[in-house]
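Here is the structure we will look at, set down as structure tokens.
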Amino acid sequence: MFRQDAYFLALVLSITLIFSSFSFPFLNLSVYAQTPATHISQQQYDKIKNCATDLSKKPTPVEYLTYFNCGHVSKDQSGRTVRQFTLIVQEHQKIPISYEGHIFDAWTYNGTIPGPTIRVTEGDLVRIRVINSNENEHPHSLHTHSIHFAKNDGVSMGGYPGGAISPGRSFTYEFIAQPYGVYPYHCHVDPIADHINRGLYGMMIIDPREPRPQMTEMAMLLNGYDMDYDQEGPTHLPPASLFETSQQDEKAGNVTEGANSNETSTDANMTHVSAVPAIKEKDAGKSERDNEIYTVNGKAFEYMMHPIVLQTGKQYRIYIVNMLEFDLVNSIHIHGSMFDYYTAGTDETSDYNTDIVTLTQGDRGIMEFTYDYPGTYMFHAHQAEFTDLGWMGLFDVRGDPVNHVAHSST
């Protein structure tokens, strides 16, 4: 009996070993939402991404559309891909931002507005060395949206060295790229709005481990310029004397009798003010801070002067980020077609199909579209003021019509 059991056990073990030597694709399931390892090499994937070979290049706004900086690539001891980047912060850079002679006193990452489009793959070890040039007058930092440790967050809270890099110093931010999506990066030193408005921002694309469907890709960052620097500097809460007292709130705050009269009321101890400040006559002419020029990728009317050439029937993907300060919303509207929109780029299924998307500050996403008919088509902000002040471009669509439907004329 023992010998029969031993033979049976040996037979089961042999069958198990034989089956374990085979690979069954249907059993290759992800665990805890992990993405299976890509089936192509890092070099092949970088070629699909159109990664730049000249990492020291300062792309023009036209070149910027397709200039993807994928970093200096190496492998660590575990075989993980390591991507290293260098961003040099320079103040007082004279950047032309229009065709009418406007020169902006800019603060830049690597000499351009916006900074380089950083492109990595989910799971990569990313190291970004930020150098604050010795000639600068202000501390600077790098804050990247995504998941990372607090010490690499680029903010001064917590006393981390990378929160405020002094002129002449540097800091290396290190993190694992996750999750895949489209992210802004920017300086996070106060006043943050001014550091961003001056030009210290850019886009970081974290690609999924498995490539998206292949198509021509472009990067677009929306921004504006406050040319007269009104109110530049730290923002403080306005004094209570600027606000009118609300009589209704005063009555509510003075109630001390009743069932709860022995309880301490925080509301009763507060000074209640109206939401509308009592503007004095001497301040009546002072307006809120705003922009004089609006652009996509840094220069007004750039893609009107140099239309983007597209082909009918070909698929296109735009990674878009709104970094506009001093206006609550921005938008992009394309004429003559519709696009699938992926909010934040953190999903591979589109949220909806549209021809316009509205973006608040820091919002981003992915647009995918084709054109069926040749011709010249506008794309622009759907705020007329933004369009008139520079945020407008043209698609020059060439080729034969596709999916053409004849319409009878009457």
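A short reminder: the numbers here are calculations on the coordinates, not readings from a lab. Just so it is clear, the structure is predicted and the values come from calculations on it, not from any experiment. We place every Cβ from the backbone using ideal geometry, glycine too, and count neighbours over all the protein chains shown.
With viscosity set to 0.890 mPa s at 25 °C, what whole-number translational diffusion coefficient in µm²/s follows for the range 293-398 from Stokes-Einstein and a Kirkwood radius over Cα pairs? Mind dumping the intermediate values first?
Working: Rh = 14.1 Å.
Reported coefficient: 174 µm²/s.
Once amide H atoms are built 1.01 Å from N in the peptide plane, which residues 5 or more positions from Ala344, or in another chain, come under 5 Å H to H?
Arg364, Gly365, Ile366
Starting at the first residue of the range 61-69, write each ³J(HN,Hα) from the Karplus equation 6.51 cos²θ - 1.76 cosθ + 1.60 with θ = phi - 60°, in whole Hz, x for Gly and Pro.
Taking θ as phi minus 60°, the curve returns x, 5, 5, 4, 3, 10, 9, 10, 8 Hz for the range 61-69.
Roughly how many whole Å is it from the C-alpha centroid of the range 322-337 to that of the range 39-55?
First find each Cα centre; the distance between them is then 30 Å.
Quote the FRET efficiency, to the nearest 0.05, computed for Ala193 versus Asn403 with a Förster distance R0 of 51 Å and r equal to the Cβ-Cβ distance.
Details: r = 45 Å, r/R0 = 0.89.
Efficiency for this residue pair is about 0.65.
Please report Trp107, Trp391 as a ranked list, fewest other C-beta atoms within 10 angstrom at the top and most at the bottom. If you can, show how the numbers build up before the last one.
On the way: Trp107 24, Trp391 28.
Ranked by crowding around the Cβ, least crowded first: Trp107, Trp391.
If I model a spin label as a point 7 Å beyond the Cα along the Cα-Cβ vector, how far apart are those points for His335 and Thr376 in nm?
Distance between the two pseudo-spin positions: 0.9 nm.
Separation between the Gln214 and Gln77 pseudo-spin-labels, each 7 Å from Cα along Cα→Cβ, expressed in nm?
3.7
Given a Förster radius of 30 Å and the C-beta distance between Lys314 and Gln178 as r, what FRET efficiency does 1/(1 + (r/R0)^6) yield to the nearest 0.05?
Values: r = 32 Å, r/R0 = 1.05.
About 0.40, to the nearest 0.05.
Roughly what % antiparallel, to the nearest 5, for the DSSP beta bridges in the range 37-161?
Numbers: 11 of 22 bridges.
Bridges in the range 37-161 are about 50 percent antiparallel.
If each residue's Cβ is checked for other Cβ atoms within 10 Å, how do Ile318, Ile176 rank with the fewest at the top?
The fewest-first ordering by Cβ neighbours comes to Ile176, Ile318.
Counting only the backbone N, which residues of the range 325-345 are under 20 Å from the spot 7 Å out from the Cα of Asp351 toward its beta-carbon?
Once the point is set 7 Å along Cα→Cβ of Asp351, 325, 327-335, 338-345 turn out to lie under 20 Å by backbone N, inside the range 325-345.
So which GluC sites (Glu not before Pro) in the range 122-220 end up in coil per DSSP with only 15 or fewer other C-beta atoms within 10 Å? Don't skip to the answer; put the middle values down first.
Working: sites: Glu122, Glu135, Glu137, Glu174, Glu217; in loops: Glu122, Glu135, Glu137.
In loop regions of the range 122-220 (DSSP not H, G, I, E or B), the sparsely surrounded GluC sites (Glu not before Pro) are Glu135, Glu137.
Return the long-range amide H neighbours of Ser133 (sequence gap of 5 or more, or a different chain), with a cut-off of under 5 Å between placed amide H atoms.
Distant-sequence amide H within range of Ser133: Val89, Gly168.
What's the percent breakdown of Cα-Cα distances in the range 67-195 across 10 Å bins, shortest bin first?
Histogramming the range 67-195 at 10 Å steps yields 12, 41, 33, 11, 2, 0 percent.
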